[in-house]
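Here the structure is laid out as structure tokens; the discussion comes afterwards.
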Amino acid sequence: MKIMRPLLVCLLAAALSRADQKTKTLDVYWIDSEGGGSTLIVTPANESVLIDTGNPGGRDSARIVAAAKAAGLTRIDYVLITHWHIDHFGGAAEVAQQLPFGTVFQRQMPEGDPDRRAQSPFATQIKPFREISAQRLPLVPGAMIPLKRASGAAALELRCVAADQKVIEPSAAQRRARNPLTSAEPGKPIPYSDNDNSAVFLLTFGGFKFFDGGDLTWTYEGRLVTPYNVVGAVDVYQTDHHGLEVSNNPVLIQSLAPTVVMMNNGPKKGGQPGAFAAIKSAKSVQARYQVHQSYNVPAEENAARECVANHDNLTGPEAAKCPANLIKMTVAPDGMSYTFSVPSTGHSRTFKTKGS
């Protein structure tokens, strides 16, 4: 889809201005990579974290750079690559040409195709990523991203809780609280892919918690919370795998008990019926947000219209145009509340954190 870049930059600058850094908020931006992964975090200390970088080809990188610049950034301090699929690492080299990277956290790079295919374009696709100039550090369960704590703001922590099908050890308290949903976990055979190895992150800011599981799949989602829930309850759950049915195990979502669910999907990629059903199975959910309206389900199954950033016309004369609207979340300096805003619809809603 063609991006109207001048308009996008103007809208972002108006909606996302961070001229007053004294606010000490934690900001998260879900950037429209149309079914790819790209979540930008800007901390109260004005450090930046980009979790995944969308596709190559200029479209997604332009959107990431526009959002970052509108947020006042001149570099990306930390880049986290959840797994080796091109819709998650493909835009990195293009972003790095415009915004220098500080440190890249990545799982071990496979020698061949990450999905074990005999014929694969992976070697060609990964070459620009290999050539990025940045410090490289391993992304393993338990790894901590060394974020600074801003004076006057709540404590901040970004931790990798799983990667390469391995999960952090439960705490003593978690071992004592065996998950009652353990026996309820349904099975689902899924062919192997590098999605199974996806890195998983938990962002904590005071009493606020945000879960980003990349493209983790059904069985390995279950291992995060059964028999022991190593994540705990969260405030915001970013749907795994763009809202696909091979992910978003209802036992995971029910165990995380999120207040808000955020789906970074495309009009046709992600947002499948099974994922919507799994979200509905969690009684804790008070609100749902989507980057795109999903055409994989009836219109009424989507989030409320004002909570969807992009309403696509897939058939009319405007079908090739996508405004690339994003969704922003702002967490208060004390971590006691957070606000979701959808600039394209004028929607804004504030929630209390579970830890407040």
Given (1) outside any strand (DSSP E or B); (2) among the β-branched types (Val, Ile, Thr); (3) modelled with pLDDT of 95 or more, index of the condition VAL9 fails: (3)
Filter result for the condition that a residue is acidic (Asp, Glu) and either touching a Lys or Arg at 6+ places or on another chain (Cβ under 9 Å) or more than 14 Å from ILE51 (Cβ to Cβ) (or both), over ASP240, ASP235, ASP215: ASP235
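I'd like the residue in the range 92-119 that is small (Gly, Ala, Ser) and within 17 Å of ILE41 (Cα to Cα) and, out of all such residues, is surrounded by the fewest Cβ atoms within 10 Å (Cβ to Cβ). Can you show your working first?
Going through the range 92-119, the residues small (Gly, Ala, Ser) turn out to be 92-93, 96, 102, 112, 118.
Filter again for within 17 Å of ILE41 (Cα to Cα), leaving 92, 96, 102.
On the way: ALA92: 26, ALA96: 22, GLY102: 14.
That would be GLY102.
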Counted residues in the range 298-326 being surrounded by 17 or more Cβ atoms within 10 Å (Cβ to Cβ), among the hydrophobic types (A, V, I, L, M, F, W, C) and farther than 17 Å from GLY36 by Cβ come to 3
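Answer with yes or no whether SER133 is closer than 30 Å to ARG223 by Cβ, in a loop (DSSP other than H, G, I, E, B) and over 23 Å from the mean Cα position of the chain (by Cα).
On the way: closer than 30 Å to ARG223 by Cβ: no; in a loop (DSSP other than H, G, I, E, B): yes; over 23 Å from the mean Cα position of the chain (by Cα): yes.
Judged against the criteria, SER133 is not a match.
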The range 267-293 residues that are in contact (Cβ under 8 Å) with a residue 40 or more places away in the chain and closer than 26 Å to THR353 by Cα, paired with ones that are outside any loop (DSSP other than H, G, I, E, B) and not hydrophobic (A, V, I, L, M, F, W, C) (beta carbon under 6 Å, 6 or more apart): HIS292/ASN310
Scanning the range 98-130 for residues that are in contact with a helix residue (DSSP H, G or I) (Cβ under 8 Å, 6 or more places away or on another chain) and assigned to a loop (DSSP other than H, G, I, E, B) gives GLN98, LEU99, ARG107, MET109, PRO110, GLY112, ASP113, PRO114, ASP115
Odd one out for ALA184, checked against (1) surrounded by 16 or more Cβ atoms within 10 Å (Cβ to Cβ); (2) at negative phi: (1)
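The values are calculated or read from the model by the stated rules, or taken from the named source; none is laboratory data. Please read these numbers as outputs of a predicted model, since none were measured by experiment. Reconstructed Cβ throughout: ideal geometry from the backbone, glycine too, with neighbour counts over all protein chains shown.
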